[in-house]
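Comments concern the structure below.
The values are calculated or read from the model by the stated rules, or taken from the named source; none is laboratory data. Fair warning: this is a prediction, and the values are worked out from it, not measured in the lab. Don't worry about glycine lacking a Cβ; one is built from the backbone with ideal geometry, like all the others, and counts go over all protein chains shown. In case anyone asks, the SASA skips ligands and DNA or RNA and just uses the protein heavy atoms, side chains included. Shrake-Rupley method; radii C 1.70, N 1.55, O 1.52, S 1.80 Å.
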2 protein chains.
Amino acid sequence: MSTRTPLLVLGNISTRSKILCLSKVLDFHHPHQLKDGLEGFSLDLPEHAETLEQILVDCRDTLKYGVSTGHPRFFNQLSSGLDVIGVAGEWLTSTANTNMFTYEVSPVFILMEEVLLKKMQSIVGWSEDEGDGIFCPGGTISNLYSILVARYRVCPEVKTKGMGALPPLALFTSEHSHYSVKKSAAVLGLGSESVMVVTCDERGKMIPAELESSILAAKSKGLLPFYVNATAGTTVYGAFDPLAAIADICHTHRLWMHVDVRPEQPKHFDHLIYVIACSVTWNPHKMMCVPLQCSVILVKKPGLLQECNKLGAEYLFQTDKPYDVNYDTGDKSIQCGRHVDVFKLWLMWKAKGSDGFGSQVNKCLENAEYLYDQLKRNSDFQLVFKHKPEHSNVCFWYIPPSLRALQPGPDRDRRLHEVAPQIKGRMMEKGSVLIGYQPFGDKVNFFRCVFSNPATQPEDIDFLLNEIITLGADL
Amino acid sequence: MSTRTPLLVLGNISTRSKILCLSKVLDFHHPHQLKDGLEGFSLDLPEHAETLEQILVDCRDTLKYGVSTGHPRFFNQLSSGLDVIGVAGEWLTSTANTNMFTYEVSPVFILMEEVLLKKMQSIVGWSEDEGDGIFCPGGTISNLYSILVARYRVCPEVKTKGMGALPPLALFTSEHSHYSVKKSAAVLGLGSESVMVVTCDERGKMIPAELESSILAAKSKGLLPFYVNATAGTTVYGAFDPLAAIADICHTHRLWMHVDVRPEQPKHFDHLIYVIACSVTWNPHKMMCVPLQCSVILVKKPGLLQECNKLGAEYLFQTDKPYDVNYDTGDKSIQCGRHVDVFKLWLMWKAKGSDGFGSQVNKCLENAEYLYDQLKRNSDFQLVFKHKPEHSNVCFWYIPPSLRALQPGPDRDRRLHEVAPQIKGRMMEKGSVLIGYQPFGDKVNFFRCVFSNPATQPEDIDFLLNEIITLGADL
């Protein structure tokens, strides 16, 4: 069955283009404009009830001044698209209005979580008797879990005695990895400086020899290395760390190997490598287009999550209940109440099947290749690196006419650095399309296009490039 | 405007009773029964897409075998009820499918968060130039934030250097407080043993003299006291710690005072006291009946949340954007992506007004008093303590006929301990009503009834007591 947005159901491509031109990605206003109450849209909270008519107007205005992340021309973030089955799943979830802490209040959702975790573990390549996991409020919390559990494995006493029970720890991640590793280290009381940032090659992949020497350097300083985060699909470049080489190093030094993974497509799961991973972060709200939020931490060793987080608060998790209380998940979690994030994924899996998810992801990869091909043949643009995209990220500069004759150097860099923000500003004002930009390392501001919305067509990519050229021609 | 559930709209009370008798709170099945595929309801995930007809059946079955937390006879948890405006808010939220990290992708929701936080801060009693906060995935994470920020205030270096930069810390909470304080201490690397558990009086209120001596004892052991969690509405008894006395002690010893608060009704906000609090956890998904999840941490000192959690990942949070980037909240949060939990609360506030929320909470307090009065006059029941309920919790034992002649002592206790679980088991099988039970301290299993659903009427409370008597008569 089709789960495309209504826009896509239109058979006539030129009609689709016309409609897309009329429907804005966003209707931008500055904070002070929205706060001043545009066309009567007041954010203030009343003492007395408003009328139902006014409530409906409030709803309309909220959507009007928001951003259409489901628009086929929203390339700003990886969480985009609007899957109708996923949205239906979220609607039913909010109607059920329950909590994931016990089987008692969520019998069906607790079992769905178990089924989904088992399925994802089998895709990762773990055997039937391996694997545990939990759905988390976002990928950063999933990564935090991986460090928390790895620390517990090194020294279970840390749970009661705190960091004082341990020598100073060291963990490792690449300079292109997500900032959640450092943030988690700060939250967990390890401190952000316990994170050793490993150098990458020009494509954003961790260099194994650099990891090895970083581990040895940490040891020589009296630190205890315990954890390596490998990224399979980095935020900016979409780069894949060399997982096999990292796995070997983790094996040699007996370190916890975590994989922060973005693709959810079997061909990207190299079982021989993932089997070695101690934990995996998987975010179905990215490439699988599940409505926000839907993120999972998978832990290979069963029981570890429970041991690490269990407090046995019997006033909440009674052991003399009339069913098998091993199904209560409250003691596995660092949360108490936990939002039901499983149903929308489960329902989408029913509606698409594994193969449906596969072809949906493939479509995004094809879009990335299409963009790459267009950029290569158009001298108005310059690719950040020459290789074909490994995944759905494509990074590039737009070179406005005034910069084309300039020699590479600090002057050109300084001026090029201002191009993307200016185009982005105009794009937001116009509301026709949305794409992200950022500087990275020694590279000045460049555009990063990511694809996760299966409603995006090649014509939307053509539109994006033309729009950048139009908006940036005078820069 | 009325935001009651459809059941309540019925004018005729006896019709309401008949309908409620027919509509079950739950249709209980054991995990193995549900996993075996009841009446063709399969949880398995397919390789290929299912038909739309099957998807609809899956949705129906998911609701059928779930628990109706919105049922007026669901007394099991504080998060109950089904507010139609709140559900509409959640539906629109999932349709908007965006993220709270930047103004760029969530202009309206970011401003709504600011408006809600300001309103809640003013209710707490903080002045215009005080106060900060953030919406969190549940009350446990809100409490975790309070400890995280308090630790940072003691020693900002902890963010980079970790717990090694600090002497061993001590924090304080009552024996009746929520287990999230201990869990957070474990997660944050302080260790659960850093939590000093302060003795309560018979009503579950922290004893200030015990707090004082606990602080002195910690100091004499070389620990650094830094944080006190006071609870305003404990989980089991609904008890209020003596906030004024605790505030004095915190002032004397210069400790961070956090208040974990349940009531959301102005009369419970004693401004003179809350003004002193450094942080407050407020969970609108409890007494305010906002759909799950909706929880807030309020921090009195502006800027502290941002300083504590900021990492300045410029590849995600660019500073050269075309709007005031102070509105981007990603660096205040320990999450990266953050679910939009503000809109449903904002919309409900519009639909009810502050006074609507007030009368909604009052209704729950009246229900608690009604139950208390019924229990006092019925010798089949025994109250856990004789005082009138301070809030919406009422704790009691049912004494079956066979136990009534027994003298108080270990034998009676042993038998009484088994009564509540057995009645609960029968209740779940029958599906007519749902209430929680637990042991606490030296008290054997007792029922705890909590009210947060404005759809609950006195007749539902009568029904609960009659049902307990019916199900427990032969025990």
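Take the conditions within 30 Å of A:Tyr437 (Cβ to Cβ) and among the aromatic types (Phe, Trp, Tyr) and apply them to A:Phe226. Does it pass?
No, not satisfied.
B:Asp58 versus (1) assigned to a helix (DSSP H, G or I); (2) modelled with pLDDT of 90 or more; (3) within 29 Å of the chain's Cα centre (by Cα): which is the lone unmet condition?
It is condition (3) that B:Asp58 fails.
For the range B:132-189, enumerate the residues that are free of Cβ contacts under 8 Å to residues at least 40 places away in the same chain, part of a helix (DSSP H, G or I), open to solvent by 10 Å² or more (accessible area, probe 1.4 Å) and within 26 Å of A:Val195 (Cβ to Cβ).
Result: B:Thr160, B:Lys161, B:Met163, B:Gly164, B:Ala165, B:Ala186.
Tell me yes or no: at least one residue of the range B:194-203 is in contact with a strand residue (DSSP E or B) (Cβ under 8 Å, 6 or more places away or on another chain) and at the interface with chain A (Cβ under 9 Å from one of its Cβ atoms).
Yes; the residues of the range B:194-203 include at least one that is in contact with a strand residue (DSSP E or B) (Cβ under 8 Å, 6 or more places away or on another chain) and at the interface with chain A (Cβ under 9 Å from one of its Cβ atoms).
For the range B:289-313, name all the residues that are of a type in the set (D, E, K, R) and open to solvent by less than 50 Å² (accessible area, probe 1.4 Å).
Passing the criteria: only B:Lys300.
Taking the range B:24-55 only, how many residues are acidic (Asp, Glu), in a helix (DSSP H, G or I) and touching a helix residue (DSSP H, G or I) at 6+ places or on another chain (Cβ under 9 Å)?
Qualifying residue count for the region: 1.
Read through the list (1) among the hydroxyl-bearing types (Ser, Thr, Tyr); (2) at pLDDT 95 or above; (3) under 14 Å from B:Leu116 (Cβ atoms), then give the number of the only condition that B:Ser279 fails.
Condition (3) is where B:Ser279 drops out.
Every residue in the range B:365-380 that is acidic (Asp, Glu) and open to solvent by 70 Å² or more (accessible area, probe 1.4 Å), please.
Those that are acidic (Asp, Glu) and open to solvent by 70 Å² or more (accessible area, probe 1.4 Å): B:Glu366, B:Glu369.
Looking only at the range B:80-112, which residues are under 20 Å from the mean Cα position of the chain (by Cα) and among the acidic types (Asp, Glu)?
B:Asp83, B:Glu90
Filter the range A:52-69 for residues that are of a type in the set (Ser, Thr, Tyr) and within 7 Å of chain B (Cβ to nearest Cβ); which is surrounded by the fewest Cβ atoms within 10 Å (Cβ to Cβ)?
The qualifying residue surrounded by the fewest Cβ atoms within 10 Å (Cβ to Cβ) is A:Tyr65.
Could you please tell me which pairs satisfy a Cβ distance under 9 Å, a separation of 6+ or placement on different chains, a first residue in the range B:372-386 that is over 10 Å from B:Phe446 (Cβ atoms), and a second residue that is part of a strand (DSSP E or B) and open to solvent by 40 Å² or more (accessible area, probe 1.4 Å)?
Qualifying pairs under 9 Å: B:Leu375/B:Gln382.
Just wondering, is there one or more residues in the range B:309-325 that are among the charged types (D, E, K, R) and touching a Phe, Trp or Tyr at 6+ places or on another chain (Cβ under 6 Å)?
The answer is no; no qualifying residue exists.
Quick test for you: out of B:Gly353, B:Gly337, pick the one residue that is within 14 Å of another protein chain (Cβ to nearest Cβ) and open to solvent by less than 10 Å² (accessible area, probe 1.4 Å).
Going through B:Gly353, B:Gly337 in turn, the sole match is B:Gly353.
Residues checked against (1) at pLDDT 95 or above; (2) of a type outside the set (A, V, I, L, M):
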site: A:Leu78; (1), (2): no, no
site: A:Gly89; (1), (2): yes, yes
site: A:Leu92; (1), (2): yes, no
site: A:Thr102; (1), (2): no, yes
site: A:Phe109; (1), (2): yes, yes
site: A:Met112; (1), (2): yes, no
site: A:Leu116; (1), (2): yes, no
site: A:Phe135; (1), (2): yes, yes
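Any residue in the range B:154-170 that is in contact with a Ser or Thr (Cβ under 7 Å, 6 or more places away or on another chain) and within 30 Å of B:Leu383 (Cβ to Cβ)?
So far as the range B:154-170 goes, no, none of its residues is in contact with a Ser or Thr (Cβ under 7 Å, 6 or more places away or on another chain) and within 30 Å of B:Leu383 (Cβ to Cβ).
State which residue is nearest to the other protein chains (Cβ to nearest Cβ) when the search covers only the range B:79-91 and only residues that are assigned to a helix (DSSP H, G or I) and open to solvent by less than 20 Å² (accessible area, probe 1.4 Å).
Selected residue: B:Glu90.
For residues in the range B:94-103 being more than 7 Å from chain A (Cβ to nearest Cβ) and open to solvent by less than 10 Å² (accessible area, probe 1.4 Å), which is farthest from A:Gly139 (Cα to Cα)?
The qualifying residue farthest from A:Gly139 (Cα to Cα) is B:Thr102.
Sort out for me the helices (runs of 4 or more DSSP H) sitting completely within the range A:381-475 that have 1 or more residues that are open to solvent by 10 Å² or more (accessible area, probe 1.4 Å) and closer than 24 Å to A:Leu82 by Cβ.
Qualifying helices (runs of 4 or more DSSP H): A:419-430, A:458-472.
Filter the range A:291-325 down to the residues that are facing chain B (nearest Cβ under 9 Å), under 28 Å from the mean Cα position of the chain (by Cα) and more than 14 Å from A:Tyr152 (Cα to Cα) and list them by number.
Those that are facing chain B (nearest Cβ under 9 Å), under 28 Å from the mean Cα position of the chain (by Cα) and more than 14 Å from A:Tyr152 (Cα to Cα): A:Pro291, A:Leu292, A:Gln293, A:Ser295.
So how many residues does the range B:36-51 have that are open to solvent by 90 Å² or more (accessible area, probe 1.4 Å), at the interface with another protein chain (Cβ under 9 Å from one of its Cβ atoms) and under 27 Å from A:Asp324 (Cα atoms)?
1
Output yes when any residue across the range A:166-182 is more than 8 Å from chain B (Cβ to nearest Cβ), within 21 Å of the chain's Cα centre (by Cα), closer than 19 Å to A:Leu304 by Cα and not aliphatic (A, V, I, L, M), and no when none is.
No, that holds for no residue.
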